[in-house]
Amino acid sequence: MSALRSAIDELASVPDEELSDEELDANLGEVAHARDRLDVLQTRWMRLQSERRGHDRLGYSSPTAYLKDRGRMSAGHARRIVSMANVMVKASVVTRAWSDGRISTDQAGLLLSLVEVVPEEFAAAEEALVEIVEPLSVSDTGRALEYWRQSVDGPGELSEETQLARRGVSLSKTMGGMRRVDGWMTATAGHALETALETLMPPPGEDEERSPGQRRHDALEDLARSHLDHGDTPTVGGEKSHIMVLADPDALKGIAGGTHESLDGEVFDVETIRRLACDSSVSRIVFGPQSEILDVGRKTRVWSPAQRRAIIARDRHCVEPGCDRPPDWCDIHHKTHWADGGDTSVDSGELRCRYHHTKEHSRQARAHLRERRRT
Ligand SMILES: [Zn+2]
Ligand SMILES: [Zn+2]
């Protein structure tokens, strides 16, 4: 430990002006690397400390409380280290790659977060996963691992149905009429809101004085005002989908593991992709092996305006028994998904409000799953 301290002292004593540009760049890389290696040690020793119940002996309620105080860290930071310490022995390949500096602490954290979610699958795939994420950035690592998790675990805890159950936004009036906004949005609703806000939030100029939160507030107000001014709610007869997703043919059939994400890289589960594609314009773009675009198909409206009007006239409102949401709140659902060969005719479509549309797709997905298990 004293060798470590004096090595750091020596580095710190070099005056800034003596560092060449190349040295500066090399040093920053080395420091990041050294930090990651120290992280491995810290995590390993925290594991030992909890095994020996050091926190108990020293009067702390938990390993996290101990580390938070000892390292003067935020609770979140301490919690992350402790949870990595708890699972690192179950992931020896990850731990080795992390100690060798082949993957960073952030990448190791993402890998270790899967150890207890899908234990058997993780153990079987650990080596391959480390190899896959090694050359990737942290965000690409997260994306690759989320794809892998969905391929072995399905939507799991984050299924659309769970998200729907948890959704809710509160808007409460406080002193002076100020409002407090708080809540949870589903992945698709949140993505739609983000996309809308982004169009209203140009990149900040040099003399921008507003914080990101204040700019978001102002964009939300613009959104509300423009809605009130123009009053053009999206309707069933009009152009609908403003969400762009990338999906391969397998994803549209409900098979995970290929491509199913938004343009900016948020991974949606395949059932969400199927629901979005159930009533929206679909364009076909064929990519070659080097991601070059080979062909762009015509954008085809799945339901023609005439078919939409006929279905609205027949159903009047959401077809779910007991639900009378009007057409403006509804999608037109394919009773048999077009990706599964269902046709697009007045007979094969029905009005479903966004909520019951999602419910119906979850119901179908569960039925599919049962069928696949039987065969
Ligand atoms: Zn549908
Ligand atoms: Zn409904």
Suppose we filter Arg44, Arg72, Arg79 for residues that are touching a residue at least 24 places away in the same chain (Cβ under 8 Å) and either out of contact with any helix residue (DSSP H, G or I) (no Cβ under 9 Å at 6 or more places or on another chain) or assigned to a helix (DSSP H, G or I) (or both); which single one remains?
Arg44
Is region 140-149 home to any residue that is farther than 22 Å from Asp250 by Cα and among the aromatic types (Phe, Trp, Tyr)?
no
Do we have Glu194 as open to solvent by 90 Å² or more (accessible area, probe 1.4 Å) and touching a helix residue (DSSP H, G or I) at 6+ places or on another chain (Cβ under 9 Å) here?
no
Subset of region 336-352 that is charged (D, E, K, R) and surrounded by 13 or more Cβ atoms within 10 Å (Cβ to Cβ) - its residue that is nearest to ligand 2 (Cβ to nearest atom)
Arg352
Which of the residues spanning region 317-365 are more than 9 Å from ligand 1 (Cβ to nearest atom), of a type in the set (Asp, Glu) and assigned to a helix (DSSP H, G or I)?
Asp328, Asp340, Asp347
Flagged pairs (Cβ under 9 angstrom, 6 or more apart or on separate chains; first in region 310-328, touching a residue at least 12 places away in the same chain (Cβ under 8 Å) and open to solvent by 90 Å² or more (accessible area, probe 1.4 Å); second assigned to a loop (DSSP other than H, G, I, E, B) and among the hydrophobic types (A, V, I, L, M, F, W, C)) are Arg325/Cys318
Which of the helices (runs of 4 or more DSSP H) contained wholly in region 95-181 include at least 2 residues that are open to solvent by 60 Å² or more (accessible area, probe 1.4 Å)?
119-133, 138-153, 160-166
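The values are calculated or read from the model by the stated rules, or taken from the named source; none is laboratory data. What you see is a predicted model; the values in this text were computed from it and never measured. Neighbour counts are summed over all protein chains in view; Cβ atoms, including those assigned to glycine, are modelled from backbone coordinates with ideal geometry. These area figures cover heavy atoms from the full protein model, side chains too; ligands, DNA and RNA do not enter into them. Shrake-Rupley method; radii C 1.70, N 1.55, O 1.52, S 1.80 Å.
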